[in-house]
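Here the structure comes first, spelled out in structure tokens, and everything after it is commentary.
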């Protein structure tokens, strides 16, 4: 495959990959967000969820506009990202503070805090590179595709844990599965770029950063410095929630999530059938 043909493929066919992400997001968050009972939400979960889902839709729309050669509309719509990207970063910071207090710095809370920190760092870097290189469409498009990789872990971890293979958090099995899946996708793109002209300027460094971040996510959460950092961050009066006494939700088995709303002090168990989730 030549350089030109693969560039054209990126522009024309990325929409087919990107359109799967919001669809999988609905599936993955169906139980843990979309069908949760009233009283179990925090405002930052809504802000963060809407911002991230809007980003998914924007990626699909932008790739479709390029495919249909509506480049002026693409450039106009792209300006939304100047607002949306900061909202994603800020809402993640607020959500991380809230979740840390809800989980009271337990092992799962420390680990998920690590995921949030490293994922948002990667998202910010990939998006910044896309904006810096926006005058080079082939480079810009690749970096924007890389922002999609940061969305996949929380989506696929929920799909696997809720629907197929629930195991205790401490095993790390689901996390290894999601990381491997993401890395395989990026490796395929690295190979295609290499074969189309020895290109290593985007997907290769993105893969390296993803792997480094994944190793960090799997290792630093249980260290004393990370626990101290998380404790200090949790103590910041960002969300007005300090040391809440209950988890927002936890996965207790396939298709079953137990919710506990700290506002009402009661537990709610919801069982969702696979057919309802997939539908």
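Assorted remarks:
- Residues of region 56-82 that are in a helix (DSSP H, G or I) and farther than 15 Å from residue 130 by Cβ: 56, 57, 60, 61, 64, 65, 67, 71, 72, 73, 76.
- For region 42-57, taking the residues that are over 16 Å from residue 154 (Cα atoms) and in contact (Cβ under 8 Å) with a residue 60 or more places away in the chain, the one that is farthest from the chain's Cα centre (by Cα) is identified as 42.
- Scanning region 83-120 for residues that are free of Cβ contacts under 8 Å to residues at least 24 places away in the same chain and either part of a helix (DSSP H, G or I) or under 20 Å from residue 149 (Cβ atoms) (or both) yields 83, 86, 90, 112, 117.
- Among (1) surrounded by fewer than 18 Cβ atoms within 10 Å (Cβ to Cβ); (2) closer than 25 Å to residue 136 by Cβ, the one test that residue 46 misses: (2)
- Pairs, first farther than 19 Å from residue 217 by Cα in region 175-189, second in a helix (DSSP H, G or I), C-beta under 7 Å, six or more apart: 187/207; 189/203
- When residues in region 98-116 are screened for being more than 15 Å from the chain's Cα centre (by Cα) and closer than 24 Å to residue 56 by Cβ, 2 of them pass.
- Positions within region 119-172 being farther than 23 Å from residue 215 by Cα, surrounded by fewer than 20 Cβ atoms within 10 Å (Cβ to Cβ) and touching a helix residue (DSSP H, G or I) at 6+ places or on another chain (Cβ under 7 Å), in sequence order: 133, 134, 138, 140, 163
- Restricted to region 65-76, and to residues there that are in contact with a helix residue (DSSP H, G or I) (Cβ under 8 Å, 6 or more places away or on another chain) and farther than 18 Å from residue 22 by Cα, the residue that is surrounded by the fewest Cβ atoms within 10 Å (Cβ to Cβ) is 71.
Residues checked against (1) in contact with a helix residue (DSSP H, G or I) (Cβ under 8 Å, 6 or more places away or on another chain); (2) at pLDDT 95 or above:
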site	(1), (2)
41	no, no
47	yes, no
52	yes, yes
55	yes, yes
63	yes, no
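- Residue within region 173-184 that is outside any helix (DSSP H, G or I) and surrounded by fewer than 18 Cβ atoms within 10 Å (Cβ to Cβ) present: no
The values are calculated or read from the model by the stated rules, or taken from the named source; none is laboratory data. A quick note: this is a predicted structure, and the numbers were derived from the prediction, not measured. No Cβ is skipped: glycine too gets one built from the backbone with ideal geometry, and neighbour counts run over all protein chains shown.
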